[in-house]
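The block underneath contains the structure these notes are about, expressed in structure tokens.
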Amino acid sequence: GWAPMCDDARVGVRGGFWSIDIRNPAAPRQLAFVQSPPGTYLTEGMHAMRLTLPSFTGDVLIVSQEICGDAEDVGRGGFAIYDVTNPATPTLLGTSGDTGVRGPLWNSSHSAFGWDTGPNAYVAIVDNQEAEDIDIFDITDPRNPRLIKETGVDEWPQAQDNLAFGSEAFVHDLITRRVEGRWEMLASYWDVGYVRVDMTDPANPRYISDHDFLANDPLVANVGKPEGNAHEAEWDRCP
């Protein structure tokens with residue numbers, strides 16, 4: 001949940017997440033609420049998934065964490081992994097993030113997404129504060145996430161050839177699935193478009209292709225360029 005008064009983070013007004021029993025959709029029932037750390041609120045990146053690993057087997061919830069406006073020196077940032085195998089008692093497993101801008105504190109993160117390849121598991125997050133704004137972590141041991149790669153559109157010149165109106169090149173959301181036998185990330189990169197990235201080796205992501213917006217935007221006229229604003233996307237099937 002988003003903090004209703006983010007600027008009042010220092011007095012404890014902040015968001016968190018709820019665990020809800022929806023086995024009877026007509027009568028949903030709250031099981032638990034977990035509040036965000038001080039100066040921190042949860043954003044769009046909340047991803048529940050199953051992990052089957054030597055170090056951990058169970059259900060987890062991965063959450064991204066942004067910093068409240070007046071809490072730069074206390075906001076947590078980064079992401080957190082909760083054990084939700086028992087949804088009534090979520091338990092923190094591990095946390096991590098990139099410290100490239102905030103020193104010992106993690107950079108603010110707008111979204112997070114995890115995937116389990118079988119032998120290993122990973123999380124990719126949106127880094128709000130650096131040009132290399134996709135951070136990839138190995139979470140094969142979810143109690144000790146490990147940063148393995150920072151990347152982004154600066155490393156993919158092929159994706160920079162047709163920026164939309166505003167020319168704002170930042171990733172807003174990302175998702176990684178197994179698509180036609182290959183692990184691929186789909187990064188929604190605002191005015192850059194939607195970028196496909198080969199994640200066969202998450203420590204060495206490889207650009208595949210990107211989407212270019214129509215020259216004549218169907219919704220916004222007379223701007224000289226297509227409007228862009230790739231916000232979030234998903235594949236329609238992942239065989």
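Some points to look at:
- Under the condition of being basic (Lys, Arg), touching a residue at least 24 places away in the same chain (Cβ under 8 Å) and open to solvent by 70 Å² or more (accessible area, probe 1.4 Å), the residues counted in segment 143-187 number 4.
- So residue 194, is it open to solvent by less than 50 Å² (accessible area, probe 1.4 Å) and either touching a helix residue (DSSP H, G or I) at 6+ places or on another chain (Cβ under 8 Å) or closer than 21 Å to residue 135 by Cβ (or both): no
- One residue alone among 206, 237 is touching a strand residue (DSSP E or B) at 6+ places or on another chain (Cβ under 7 Å) and open to solvent by 80 Å² or more (accessible area, probe 1.4 Å), and that residue is 206.
- Pairing residues of segment 66-87 that are hydroxyl-bearing (Ser, Thr, Tyr) with residues that are part of a loop (DSSP other than H, G, I, E, B), at Cβ distances under 9 Å and at least 6 apart in sequence or on separate chains, gives 82/90.
- With a requirement of 2 or more residues that are over 23 Å from residue 107 (Cβ atoms) and either over 15 Å from the mean Cα position of the chain (by Cα) or not hydroxyl-bearing (Ser, Thr, Tyr) (or both), the strands (runs of 3 or more DSSP E) lying completely within segment 136-239 that satisfy it span 173-179, 182-188, 194-198, 206-210.
- Answer residue from segment 54-100, given it is over 25 Å from residue 20 (Cα atoms) and either of a type in the set (Asp, Glu) or touching a helix residue (DSSP H, G or I) at 6+ places or on another chain (Cβ under 6 Å) (or both) and is surrounded by the fewest Cβ atoms within 10 Å (Cβ to Cβ) among those: 73
- The selection criterion, being closer than 28 Å to residue 94 by Cα, of a type in the set (A, V, I, L, M) and in contact with a Phe, Trp or Tyr (Cβ under 7 Å, 6 or more places away or on another chain), holds for residue 139.
The values are calculated or read from the model by the stated rules, or taken from the named source; none is laboratory data. Keep in mind the model is a prediction, meaning the values are calculated, not measured. Every residue, glycine as well, gets a Cβ built from its backbone with ideal geometry; the counts of neighbours run over all protein chains shown. Just so you know, the surface numbers come from the protein's heavy atoms only, side chains and all, with ligands and any DNA or RNA stripped out. Shrake-Rupley method; radii C 1.70, N 1.55, O 1.52, S 1.80 Å.
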